[in-house]
Amino acid sequence: MNLLLNDIASFERLFRSQHAGLVLSAHRILNDKARAEDVVQDVFLNLWQKREEVSVTENLPAYLHRAVTNHAINIYKQQYNKLVQHAEDMPEQTGNAAAQADTALIAGELSERIEKAIASLPDSSRGVFMLSRFEEMSYKEIAERLEISVKTVEKHMSNALRHLRNYLPVLVLMGLKIFFEFAVGCLPF
Amino acid sequence: MNTEKQYELIAKSLSGNISDQEKAMLEQWLGENAENATVYAQAKRAWELTAEQTVVADTDAAWQKLSSLIAEGEKTEVIRISPVGWFTRIAAAVAVLVGIGFLFSTFFDKQPQMKTIASANEMLKVVLPDSSVVWLNKGSQIAYLENFEGDKREVKLTGEAFFDVVHKEDKPFVIEANKTTITDIGTSFNVRAYSNEPQVEVSVATGVVGFSSTKKEQVILNAGYHAVFDLKSATIHSEQNKSANYMAWKTGQLMFENNTLGEVAATLSRYYNTNIVTDSAAATILFTGNFNHAGIGDAMRILETSTGVEVSKQQNGYNMSAR
């Protein structure tokens, strides 16, 4: 039995230290906070119930991260299959998002704008993009995991990146964060 | 090269999925004109910026939910594996009908019950059957036989607690905490034994305490002394308390007098359960001052203004660096 899990108090400490990070990881893949929280809860509940039989040899945070990611990918895969059932091919690249970006330019925080840009990604491309970007899975691994072709993964990646670049204001993309915030602060409203 | 192909190559390059041949194609395209280079730079920035995404998770609420699910799961487990068999099953059936199942099954169970009290995210004051008082720090747990049956008053501790013990000559008060034993000789003292920390610490406020590991001989600690048992080397080291900060979790008071910021950071990290680090230049700067129930933000601001270091918020704590 793992020393860290011999009582509920240390289990709670583990939960509290890992919860937010794990929810973020699941949220990146699922783009749904409630679902992401459910995934994390299921993983912890499972770990607690099996604490005596499961021997976790690697470190617990890494184990938890992998369990949460796997769980989230399974859900994403189901969604993905539903999404593509309705469309012959993948959704078309959304048109020029520059108009939206202009409104986003004055709509507050940088982080808020990034959230919006990510949220506006087509659902099927978002998950693929996040798995590559944050789980550092190769195209081949993603393709195998989702049972799609590497070509489709390439297309999703291209789509997602193009969408993000078009959606984010140019000033942000130029890395002029400080100037940008200053400029927004000077706007007359 | 069409737009889709451009982004395909850029994405491959950023994600580390690009082949040598594709890399050559991308480089050629980048060299064609300044516009292409800008597209690449902006796409790269967009890629990097996705790391800024955050999600606000309500960990407290999530823990409440999870711990009630755990409690539910364990209740059913007890009924299933109970050695009392059919009787408990009837009791459980009665419980379903009239809701007194719990009373019923404990009434017929003559075995002394282990009583467990755990604090979650709050400090908890517990009065034991012998009138001794225990303050449990967050995330801690004590267990003892109901009514202290037997010739000793034995308490198992995980986590941190302050004990104010009613002394009884004929029935010693003994605490077991992570391979160590602490015996009261009439006194109040603090024990810290979280299972994810490599040591057990005992600090004595009043009276005398015996502190021993399972093998080694006992160390007698007087008021104002503090001992640390290192689990790895299985040795006990004792020294005089430099401050009363070991009690801060209970009193809310932190006092520093010519302490280095390195020491201050260690104490605050522990008190706020976060990770405060200093660079080597800041670590030796001296600080004198008191915090009274200060929030972590206020404490960091006070350190910043009084010592002139620069405090920056990190993902998992704070960083202090000399300017």
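The values are calculated or read from the model by the stated rules, or taken from the named source; none is laboratory data. Just so it is clear, the model here is predicted, and its values are computed rather than measured. No Cβ is skipped: glycine too gets one built from the backbone with ideal geometry, and neighbour counts run over all protein chains shown. For the accessible areas, the whole protein counts, side chains as well, though only heavy atoms, and no ligand, DNA or RNA atoms are used. Shrake-Rupley method; radii C 1.70, N 1.55, O 1.52, S 1.80 Å.
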So how long is each side of the range B:268-317 along the principal axes, counting just the alpha-carbon atoms, biggest first, in Å?
25, 24, 16
Size of chain B as Cα extents on the principal axes (Å, biggest first):
91, 62, 36
Run the numbers on the range A:19-44: which residues show a drop of 10 Å² or more in accessible area, chain on its own versus all protein chains together, using a 1.4 Å probe over heavy atoms?
A:His19, A:Ala20, A:Val23, A:Leu24, A:His27, A:Arg28, A:Lys33, A:Glu37, A:Asp38, A:Gln41
Pop out a list of residues from the range B:11-34 that are at least 20 Å² less accessible with all the protein chains around than in their chain alone; 1.4 Å probe, no ligands or nucleic acids counted.
B:Ala11, B:Lys12, B:Ser15, B:Asn17
Nitroxide proxy distance, nm - points 7 Å out along Cα→Cβ at B:Asn273 and B:Lys5
5.7
Build a GNM of chain B with springs between Cα atoms under 10 Å: which of B:Gly73, B:Gly139, B:Gly150 gets the top mean-square fluctuation?
B:Gly73
Mean Cβ-within-10 Å packing, highest first, puts peptides B:43-50, B:304-311, A:151-158 in the order A:151-158, B:43-50, B:304-311
With R₀ set to 45 angstrom, the calculated FRET efficiency between the beta-carbons of B:Gln28 and A:Ser120, to the nearest 0.05, is 0.90
Given a Förster distance of 56 Å, the FRET efficiency implied by the Cβ-Cβ spacing of B:Ala37 and B:Glu176, rounded to the nearest 0.05, works out to 0.25
Rounded to a whole number of µm²/s, how large is the Stokes-Einstein D of the range B:217-323 at 20 °C and 1.002 mPa s, given Rh as the Kirkwood radius over C-alpha pairs?
143
Test item: A:147-159 mean partner chain Cβ contacts at 10 Å:
3
I'd like the FRET efficiency for B:Met255 and A:Glu136, computed as 1/(1 + (r/R0)^6) with the beta carbon distance as r and R0 of 56 Å, rounded to 0.05.
0.75
Subtracting the Cα-Cα distance from 0.36 nm times the residue separation, let me have the gained length for B:Lys152 to B:Glu52 in nm, one decimal.
30.3 nm
List, in the order given, every pair from A:Lys116/B:Lys313; B:Lys125/B:Lys168; B:Lys125/B:Lys250; B:Lys12/B:Lys44 whose Cα-Cα distance in the structure shown is over 18 Å.
A:Lys116/B:Lys313; B:Lys125/B:Lys168
What percentage of the solvent-accessible surface of chain B, computed with a 1.4 Å probe over protein heavy atoms, is contributed by carbon and sulfur atoms?
52
Result for interface chain A to chain B, accessible surface buried in total, 1.4 Å probe, Å² to 100, stands at 4700
Cβ neighbours within 10 Å from other chains - mean over B:62-71:
5
